[in-house]
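Novice: Can you keep this structure in mind? I'll have questions shortly.
The values are calculated or read from the model by the stated rules, or taken from the named source; none is laboratory data. Model, not experiment: these values are computed from the prediction. Glycine also receives a Cβ, built like all others from the backbone with ideal geometry; neighbour counts cover every protein chain displayed.
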Amino acid sequence: MKQNNFLSVMLGVFIGTVGGAAVMEKITCKAIDNCRELTDKNLDLFLLMNKWMKTKQEGRHIKEYLEKRGYKSVAVYGLSHVGRCLLEELKDCDVEIKYAVDRNAMAIYSDIEVYSPEDDLPETDAMIVTAVYYFNEISNNLKDKITFPIVSLKDILYGLGK
């Protein structure tokens with residue numbers, strides 16, 4: 001009887017150890033994936049801002065790209081740091097920023113109207129996505145909802161001069 005109890009305890013310890021290790025591996029892998037995604041996103045943002053700085057140093061302006069394509073009014077998707085920089089850059093040019101779109105629309109204060117992606121979005125000539133890391137996801141979510149072009153800020157910056 002004592003031997004059966006000992007075997008049961010040992011079996012329980014073994015199963016608990018293996019189960020605990022499996023749970024910890026899953027938690028660790030998820031944390032690593034989250035860190036990798038954040039690292040990739042921050043690298044994308046760094047490269048975008050670096051390109052933007054070089055563009056400005058060359059005397060180029062985002063409005064050139066917009067005007068060349070006939071965009072007289074735009075919407076801006078994403079009002080984090082990059083989105084606010086874009087609003088600042090376009091404030092004194094002939095391209096009107098009609099509104100912005102952000103997942104956190106209710107928590108954002110801005111001089112322009114801010115919509116949630118789920119709202120009915122007014123017509124404009126183009127939507128500029130500043131959340132470049134998530135561009136494909138954002139574009140896919142909006143493509144059936146709006147009829148005007150969805151353009152990545154990254155494509156605008158790399159498209160200047162073309």
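Novice: Report whether or not L121 is in a helix (DSSP H, G or I) and of a type in the set (A, V, I, L, M, F, W, C).
Specialist: Spelling it out, it is not the case that L121 is in a helix (DSSP H, G or I) and of a type in the set (A, V, I, L, M, F, W, C).
Novice: Return a yes/no flag: does the range 68-76 have any residue that is closer than 18 Å to I150 by Cβ, touching a Phe, Trp or Tyr at 6+ places or on another chain (Cβ under 9 Å), of a type in the set (G, A, S) and at pLDDT below 95.
Specialist: Checked the range 68-76: no residue is closer than 18 Å to I150 by Cβ, touching a Phe, Trp or Tyr at 6+ places or on another chain (Cβ under 9 Å), of a type in the set (G, A, S) and at pLDDT below 95.
Novice: Let me ask you something else. Being buried (at least 19 other Cβ atoms within 10 Å of the Cβ) and either among the charged types (D, E, K, R) or over 20 Å from the mean Cα position of the chain (by Cα) (or both) is the filter here, so list the residues in the range 99-122 that pass it.
Specialist: D102
Novice: Return the residues of the range 102-142 that are touching a Ser or Thr at 6+ places or on another chain (Cβ under 7 Å), among the hydrophobic types (A, V, I, L, M, F, W, C) and under 17 Å from L87 (Cα atoms); say none if nothing qualifies.
Specialist: Hits for the range 102-142 are A105, V129, V132.
Novice: Follow-up. Considering only the range 15-37, I want to know if a residue exists there that is within 30 Å of Y109 (Cβ to Cβ), at pLDDT below 90 and not polar (S, T, N, Q).
Specialist: Scanning the range 15-37, I find at least one residue that is within 30 Å of Y109 (Cβ to Cβ), at pLDDT below 90 and not polar (S, T, N, Q), so the answer is yes.
Novice: For the range 43-65, enumerate the residues that are charged (D, E, K, R), over 12 Å from Y158 (Cβ atoms) and outside any helix (DSSP H, G or I).
Specialist: E58
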